[in-house]
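Some notes on the structure that comes next.
The values are calculated or read from the model by the stated rules, or taken from the named source; none is laboratory data. Just so you know, these numbers come straight off a predicted model, no measurement behind them. With ideal geometry, Cβ positions are generated from the backbone for all residues, glycine too; neighbour counts draw on all protein chains shown. Surface accessibility is based on the protein's heavy atoms, side chains included, excluding ligands, DNA and RNA. Shrake-Rupley method; radii C 1.70, N 1.55, O 1.52, S 1.80 Å.
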Amino acid sequence: MIAHSTLADANSVRDWRIYADLAQSLIRRARKLYEREPLGVELEQTIYALDSTTIDLCLNLFPWARFRSTKAAVKLHTLLDLRGPIPTMITISEGKQADVQILDELIVEPGAFYVMDRGYVDFERLFRFVLASAFFVTRTKAGIQLNRLESRPVDRSCGLRSDHIVWLANPQSAVHYPDRLRRVSYRDPEDGKVLVFLTNNFDLPALVIAQLYKLRWRVELFFKWIKQNLRIKHFFGTSDNAVKTQVWIAVCVYVLVAILRKELGLELSLSQMLQVLSVNVFEQVPLVELFAKTQSQDDLLDSPNQLMLWS
(Lines give C-alpha, C1' and ligand atoms only; values in the text may rest on other atoms or scores of the structure.)
Protein backbone atom coordinates (compact mmCIF):
# COMPACT_ATOMS: atom_id res chain seq x y z
CA MET A 1 0.00 0.00 0.00
CA ILE A 2 1.40 3.39 -1.01
CA ALA A 3 1.40 5.95 1.78
CA HIS A 4 -0.76 9.06 1.39
CA SER A 5 2.27 11.27 2.05
CA THR A 6 4.25 9.54 -0.71
CA LEU A 7 1.54 10.32 -3.27
CA ALA A 8 1.24 13.88 -1.95
CA ASP A 9 4.99 14.45 -2.34
CA ALA A 10 4.96 13.01 -5.86
CA ASN A 11 2.01 15.15 -6.95
CA SER A 12 3.66 18.26 -5.55
CA VAL A 13 6.94 17.92 -7.48
CA ARG A 14 5.94 16.30 -10.77
CA ASP A 15 4.83 18.90 -13.30
CA TRP A 16 1.08 18.58 -14.00
CA ARG A 17 1.72 19.31 -17.69
CA ILE A 18 3.19 15.81 -18.09
CA TYR A 19 -0.26 14.36 -17.45
CA ALA A 20 -1.99 17.06 -19.47
CA ASP A 21 0.15 16.15 -22.50
CA LEU A 22 -0.59 12.45 -21.98
CA ALA A 23 -4.30 13.23 -21.80
CA GLN A 24 -4.17 15.16 -25.08
CA SER A 25 -2.49 12.20 -26.78
CA LEU A 26 -5.19 9.85 -25.48
CA ILE A 27 -7.92 12.32 -26.48
CA ARG A 28 -6.70 12.39 -30.09
CA ARG A 29 -6.79 8.59 -30.17
CA ALA A 30 -10.25 8.41 -28.60
CA ARG A 31 -11.79 11.02 -30.90
CA LYS A 32 -10.77 9.00 -33.96
CA LEU A 33 -12.51 5.95 -32.49
CA TYR A 34 -15.72 7.88 -31.75
CA GLU A 35 -15.89 10.18 -34.77
CA ARG A 36 -18.84 8.20 -36.21
CA GLU A 37 -20.64 7.69 -32.92
CA PRO A 38 -24.40 8.42 -33.34
CA LEU A 39 -25.86 11.30 -31.38
CA GLY A 40 -29.56 11.05 -32.12
CA VAL A 41 -29.27 14.21 -34.23
CA GLU A 42 -28.55 13.92 -37.92
CA LEU A 43 -25.53 16.19 -38.21
CA GLU A 44 -22.12 15.58 -39.73
CA GLN A 45 -20.51 18.50 -37.91
CA THR A 46 -18.73 18.19 -34.59
CA ILE A 47 -20.94 19.13 -31.64
CA TYR A 48 -19.34 20.43 -28.45
CA ALA A 49 -20.81 21.15 -25.04
CA LEU A 50 -19.07 23.81 -22.94
CA ASP A 51 -19.62 24.01 -19.20
CA SER A 52 -17.86 24.13 -15.85
CA THR A 53 -18.11 22.53 -12.43
CA THR A 54 -16.85 23.77 -9.08
CA ILE A 55 -14.70 21.52 -6.91
CA ASP A 56 -14.93 22.55 -3.27
CA LEU A 57 -11.75 22.62 -1.18
CA CYS A 58 -10.86 23.27 2.44
CA LEU A 59 -9.65 26.85 2.85
CA ASN A 60 -7.19 25.90 5.62
CA LEU A 61 -5.47 23.37 3.36
CA PHE A 62 -5.82 25.24 0.05
CA PRO A 63 -5.40 28.95 0.93
CA TRP A 64 -4.23 29.75 -2.62
CA ALA A 65 -7.70 28.77 -3.93
CA ARG A 66 -9.79 31.20 -1.84
CA PHE A 67 -13.34 31.26 -3.19
CA ARG A 68 -15.32 32.87 -0.39
CA SER A 69 -14.44 34.08 3.10
CA THR A 70 -14.69 30.56 4.57
CA LYS A 71 -14.34 28.41 1.48
CA ALA A 72 -11.82 27.45 -1.19
CA ALA A 73 -12.58 26.02 -4.64
CA VAL A 74 -11.28 25.52 -8.14
CA LYS A 75 -13.36 25.48 -11.28
CA LEU A 76 -13.07 22.82 -13.98
CA HIS A 77 -13.94 24.26 -17.41
CA THR A 78 -14.56 21.54 -19.99
CA LEU A 79 -15.25 21.45 -23.71
CA LEU A 80 -16.79 18.06 -24.45
CA ASP A 81 -16.98 16.47 -27.89
CA LEU A 82 -20.44 14.92 -27.62
CA ARG A 83 -19.47 11.98 -29.81
CA GLY A 84 -18.12 9.76 -27.08
CA PRO A 85 -18.36 11.97 -25.10
CA ILE A 86 -14.68 12.96 -25.00
CA PRO A 87 -13.24 16.05 -23.24
CA THR A 88 -11.17 18.03 -25.73
CA MET A 89 -10.24 21.07 -23.65
CA ILE A 90 -9.95 21.31 -19.88
CA THR A 91 -8.89 24.41 -17.98
CA ILE A 92 -8.59 24.65 -14.21
CA SER A 93 -9.16 28.14 -12.82
CA GLU A 94 -9.83 29.76 -9.48
CA GLY A 95 -13.36 29.13 -8.26
CA LYS A 96 -14.53 32.72 -8.57
CA GLN A 97 -13.68 33.08 -12.27
CA ALA A 98 -16.76 33.78 -14.39
CA ASP A 99 -17.60 30.99 -16.83
CA VAL A 100 -17.87 33.36 -19.77
CA GLN A 101 -14.18 34.29 -19.53
CA ILE A 102 -13.21 30.84 -20.79
CA LEU A 103 -14.50 31.85 -24.23
CA ASP A 104 -11.39 34.03 -24.53
CA GLU A 105 -9.24 30.87 -24.43
CA LEU A 106 -11.40 28.84 -26.80
CA ILE A 107 -10.00 28.09 -30.25
CA VAL A 108 -13.16 28.06 -32.34
CA GLU A 109 -13.43 25.31 -34.95
CA PRO A 110 -15.08 26.42 -38.22
CA GLY A 111 -18.34 24.60 -38.93
CA ALA A 112 -18.67 23.12 -35.43
CA PHE A 113 -21.60 23.61 -33.05
CA TYR A 114 -21.02 24.83 -29.49
CA VAL A 115 -23.82 24.23 -26.98
CA MET A 116 -23.66 26.40 -23.84
CA ASP A 117 -25.94 27.53 -21.05
CA ARG A 118 -26.91 31.17 -20.56
CA GLY A 119 -23.91 31.83 -18.33
CA TYR A 120 -21.90 32.19 -21.56
CA VAL A 121 -24.13 34.84 -23.15
CA ASP A 122 -21.78 37.72 -23.92
CA PHE A 123 -22.52 39.13 -27.36
CA GLU A 124 -19.04 40.46 -28.02
CA ARG A 125 -17.57 37.03 -27.31
CA LEU A 126 -20.36 35.18 -29.15
CA PHE A 127 -19.71 37.21 -32.27
CA ARG A 128 -16.34 35.45 -32.50
CA PHE A 129 -18.25 32.30 -33.48
CA VAL A 130 -19.81 34.17 -36.40
CA LEU A 131 -16.42 35.46 -37.53
CA ALA A 132 -14.98 31.94 -37.31
CA SER A 133 -17.89 30.41 -39.32
CA ALA A 134 -18.94 28.30 -36.33
CA PHE A 135 -22.32 27.99 -34.62
CA PHE A 136 -23.52 28.37 -31.06
CA VAL A 137 -26.72 27.29 -29.32
CA THR A 138 -27.49 28.81 -25.95
CA ARG A 139 -30.41 29.99 -23.83
CA THR A 140 -31.39 33.62 -23.70
CA LYS A 141 -31.15 35.66 -20.51
CA ALA A 142 -33.91 37.67 -18.91
CA GLY A 143 -33.76 41.32 -19.87
CA ILE A 144 -32.22 40.87 -23.32
CA GLN A 145 -34.15 43.14 -25.69
CA LEU A 146 -34.73 41.77 -29.18
CA ASN A 147 -36.55 43.17 -32.20
CA ARG A 148 -38.36 40.62 -34.33
CA LEU A 149 -37.52 40.76 -38.02
CA GLU A 150 -39.20 37.60 -39.28
CA SER A 151 -41.47 34.81 -38.03
CA ARG A 152 -41.20 31.29 -39.35
CA PRO A 153 -43.92 28.63 -39.19
CA VAL A 154 -43.50 25.90 -36.57
CA ASP A 155 -45.10 22.56 -35.78
CA ARG A 156 -46.64 23.14 -32.35
CA SER A 157 -47.49 19.45 -31.95
CA CYS A 158 -43.82 18.69 -31.18
CA GLY A 159 -43.44 21.36 -28.52
CA LEU A 160 -42.27 24.29 -30.63
CA ARG A 161 -43.87 27.64 -29.85
CA SER A 162 -42.07 30.07 -32.16
CA ASP A 163 -39.12 30.51 -34.51
CA HIS A 164 -38.05 34.13 -35.02
CA ILE A 165 -35.24 35.97 -36.74
CA VAL A 166 -34.31 38.82 -34.41
CA TRP A 167 -31.95 41.75 -33.96
CA LEU A 168 -30.49 43.11 -30.74
CA ALA A 169 -32.51 46.16 -29.73
CA ASN A 170 -29.94 47.60 -27.33
CA PRO A 171 -27.60 49.83 -29.40
CA GLN A 172 -24.60 48.99 -27.24
CA SER A 173 -25.18 45.25 -27.61
CA ALA A 174 -25.72 45.68 -31.35
CA VAL A 175 -22.28 47.26 -31.64
CA HIS A 176 -20.75 44.09 -30.20
CA TYR A 177 -22.99 41.75 -32.24
CA PRO A 178 -23.94 43.54 -35.49
CA ASP A 179 -25.76 40.60 -37.04
CA ARG A 180 -29.05 38.75 -36.89
CA LEU A 181 -29.89 36.04 -34.35
CA ARG A 182 -32.41 33.24 -34.33
CA ARG A 183 -34.71 32.81 -31.34
CA VAL A 184 -36.48 29.45 -30.91
CA SER A 185 -39.08 28.95 -28.18
CA TYR A 186 -39.85 25.40 -27.06
CA ARG A 187 -42.11 23.89 -24.40
CA ASP A 188 -40.79 20.69 -22.87
CA PRO A 189 -43.67 18.18 -23.10
CA GLU A 190 -42.46 16.35 -19.98
CA ASP A 191 -42.64 19.19 -17.45
CA GLY A 192 -44.21 22.05 -19.42
CA LYS A 193 -41.16 24.27 -18.97
CA VAL A 194 -40.73 26.92 -21.67
CA LEU A 195 -37.19 27.36 -22.97
CA VAL A 196 -35.97 30.06 -25.33
CA PHE A 197 -32.82 29.43 -27.34
CA LEU A 198 -30.53 31.77 -29.24
CA THR A 199 -28.40 30.60 -32.13
CA ASN A 200 -26.59 31.96 -35.16
CA ASN A 201 -27.66 29.01 -37.31
CA PHE A 202 -30.58 29.81 -39.61
CA ASP A 203 -30.72 26.55 -41.61
CA LEU A 204 -31.41 23.72 -39.18
CA PRO A 205 -35.04 22.91 -38.30
CA ALA A 206 -36.16 24.62 -35.10
CA LEU A 207 -36.73 21.27 -33.39
CA VAL A 208 -33.10 20.26 -34.05
CA ILE A 209 -31.94 23.44 -32.28
CA ALA A 210 -33.89 22.33 -29.19
CA GLN A 211 -32.53 18.80 -29.50
CA LEU A 212 -28.97 20.10 -29.71
CA TYR A 213 -29.38 21.98 -26.46
CA LYS A 214 -30.86 18.93 -24.80
CA LEU A 215 -27.64 17.04 -25.59
CA ARG A 216 -25.91 19.36 -23.14
CA TRP A 217 -26.86 17.01 -20.29
CA ARG A 218 -23.92 14.83 -21.35
CA VAL A 219 -21.41 17.29 -19.97
CA GLU A 220 -23.32 17.21 -16.66
CA LEU A 221 -22.98 13.42 -16.67
CA PHE A 222 -19.26 13.79 -17.38
CA PHE A 223 -18.80 15.98 -14.31
CA LYS A 224 -20.91 13.65 -12.18
CA TRP A 225 -18.99 10.62 -13.41
CA ILE A 226 -15.60 12.23 -12.82
CA LYS A 227 -16.46 13.35 -9.28
CA GLN A 228 -18.15 10.14 -8.17
CA ASN A 229 -15.89 7.57 -9.77
CA LEU A 230 -12.44 9.15 -9.95
CA ARG A 231 -12.56 10.78 -6.51
CA ILE A 232 -11.01 14.11 -7.46
CA LYS A 233 -12.75 15.67 -4.45
CA HIS A 234 -10.12 13.99 -2.25
CA PHE A 235 -6.70 15.28 -3.21
CA PHE A 236 -3.26 13.83 -2.53
CA GLY A 237 -1.38 17.06 -1.94
CA THR A 238 -2.55 20.61 -1.35
CA SER A 239 -0.50 22.63 -3.83
CA ASP A 240 -1.79 24.05 -7.11
CA ASN A 241 0.42 21.57 -8.96
CA ALA A 242 -0.94 18.61 -6.95
CA VAL A 243 -4.56 19.53 -7.68
CA LYS A 244 -3.96 19.94 -11.41
CA THR A 245 -1.95 16.70 -11.51
CA GLN A 246 -4.76 14.69 -9.95
CA VAL A 247 -7.42 16.23 -12.19
CA TRP A 248 -5.45 15.44 -15.33
CA ILE A 249 -4.76 11.88 -14.14
CA ALA A 250 -8.53 11.49 -13.65
CA VAL A 251 -9.11 12.71 -17.21
CA CYS A 252 -6.53 10.22 -18.49
CA VAL A 253 -8.37 7.37 -16.75
CA TYR A 254 -11.70 8.52 -18.19
CA VAL A 255 -10.34 8.63 -21.74
CA LEU A 256 -8.54 5.28 -21.32
CA VAL A 257 -11.83 3.66 -20.32
CA ALA A 258 -13.49 5.26 -23.37
CA ILE A 259 -10.75 3.85 -25.64
CA LEU A 260 -11.09 0.43 -24.01
CA ARG A 261 -14.85 0.44 -24.51
CA LYS A 262 -14.56 1.11 -28.23
CA GLU A 263 -11.57 -1.15 -28.98
CA LEU A 264 -13.16 -4.11 -27.15
CA GLY A 265 -16.53 -3.42 -28.81
CA LEU A 266 -18.40 -3.31 -25.51
CA GLU A 267 -22.00 -2.21 -25.10
CA LEU A 268 -21.52 -1.15 -21.49
CA SER A 269 -21.58 2.55 -20.66
CA LEU A 270 -18.47 4.29 -19.38
CA SER A 271 -20.05 4.51 -15.92
CA GLN A 272 -20.72 0.77 -15.87
CA MET A 273 -17.19 -0.02 -17.00
CA LEU A 274 -15.53 2.05 -14.32
CA GLN A 275 -17.77 0.63 -11.63
CA VAL A 276 -16.81 -2.87 -12.74
CA LEU A 277 -13.12 -1.94 -12.70
CA SER A 278 -13.34 -0.24 -9.31
CA VAL A 279 -14.68 -3.35 -7.55
CA ASN A 280 -12.35 -5.74 -9.38
CA VAL A 281 -9.18 -3.69 -9.42
CA PHE A 282 -7.09 -6.42 -7.75
CA GLU A 283 -8.64 -9.34 -9.64
CA GLN A 284 -6.41 -11.16 -12.13
CA VAL A 285 -9.15 -11.67 -14.70
CA PRO A 286 -8.97 -10.86 -18.44
CA LEU A 287 -10.85 -7.62 -19.14
CA VAL A 288 -13.02 -9.17 -21.83
CA GLU A 289 -14.13 -11.88 -19.43
CA LEU A 290 -14.66 -9.38 -16.63
CA PHE A 291 -16.90 -7.12 -18.69
CA ALA A 292 -18.76 -10.04 -20.26
CA LYS A 293 -20.16 -10.88 -16.82
CA THR A 294 -21.90 -7.52 -16.61
CA GLN A 295 -22.70 -7.01 -20.29
CA SER A 296 -26.35 -7.93 -19.76
CA GLN A 297 -26.80 -6.16 -16.43
CA ASP A 298 -28.52 -2.80 -16.36
CA ASP A 299 -28.61 -2.10 -12.61
CA LEU A 300 -25.25 -0.30 -12.75
CA LEU A 301 -26.39 2.21 -15.28
CA ASP A 302 -26.78 5.81 -14.12
CA SER A 303 -29.94 7.02 -15.79
CA PRO A 304 -29.68 10.42 -17.53
CA ASN A 305 -33.20 11.07 -16.33
CA GLN A 306 -31.81 11.66 -12.86
CA LEU A 307 -30.50 15.00 -14.08
CA MET A 308 -32.40 18.08 -15.15
CA LEU A 309 -31.82 17.76 -18.86
CA TRP A 310 -32.62 21.40 -19.60
CA SER A 311 -30.67 22.96 -16.73
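Overview of results
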{"quantity": "Members of region 123-149 found to be more than 21 Å from the chain's Cα centre (by Cα) and of a type in the set (Lys, Arg), listed by number", "calculated": "148"}
{"quantity": "Long-range neighbours under 6 Å by Cβ, at least six apart or interchain, first residue closer than 17 Å to residue 172 by Cβ within region 135-147, second open to solvent by 50 Å² or more (accessible area, probe 1.4 Å)", "calculated": "141/118; 145/170; 147/167"}
{"quantity": "Pair list, Cβ < 6 Å and 6+ apart or interchain, from region 154-174 residues that are without any contact (Cβ under 8 Å) to a residue 60 or more places away in the chain and more than 13 Å from residue 210 (Cα to Cα) to residues that are open to solvent by 60 Å² or more (accessible area, probe 1.4 Å) and part of a strand (DSSP E or B)", "calculated": "164/148; 164/151; 165/149; 165/150; 166/148; 167/147; 167/149; 169/147"}
{"quantity": "Count of region 42-71 residues which are open to solvent by 100 Å² or more (accessible area, probe 1.4 Å) and under 30 Å from residue 201 (Cα atoms)", "calculated": "2"}
{"quantity": "Of residues in region 11-41 being in contact (Cβ under 8 Å) with a residue 12 or more places away in the chain and among the small types (Gly, Ala, Ser), the one most open to solvent (accessible area, probe 1.4 Å)", "calculated": "40"}
{"quantity": "Complete set of residues in region 108-126 that are open to solvent by 20 Å² or more (accessible area, probe 1.4 Å) and of a type outside the set (Val, Ile, Thr)", "calculated": "109, 110, 111, 117, 118, 119, 122, 123, 124, 125"}
{"quantity": "Test result for residue 98, within 18 Å of the chain's Cα centre (by Cα), surrounded by fewer than 18 Cβ atoms within 10 Å (Cβ to Cβ) and of a type in the set (Gly, Ala, Ser)", "calculated": "yes"}
{"quantity": "Test: residue in region 195-218 that is on the phi > 0 side of the Ramachandran plot and touching a helix residue (DSSP H, G or I) at 6+ places or on another chain (Cβ under 9 Å)", "calculated": "no"}
{"quantity": "Enumeration of residues in region 26-50 that are over 11 Å from residue 84 (Cα atoms) and part of a loop (DSSP other than H, G, I, E, B)", "calculated": "40, 41, 42, 43, 44, 45, 46"}
{"quantity": "Some residue of region 242-264 being modelled with pLDDT under 75 and either in a loop (DSSP other than H, G, I, E, B) or under 25 Å from the mean Cα position of the chain (by Cα) (or both)", "calculated": "no"}
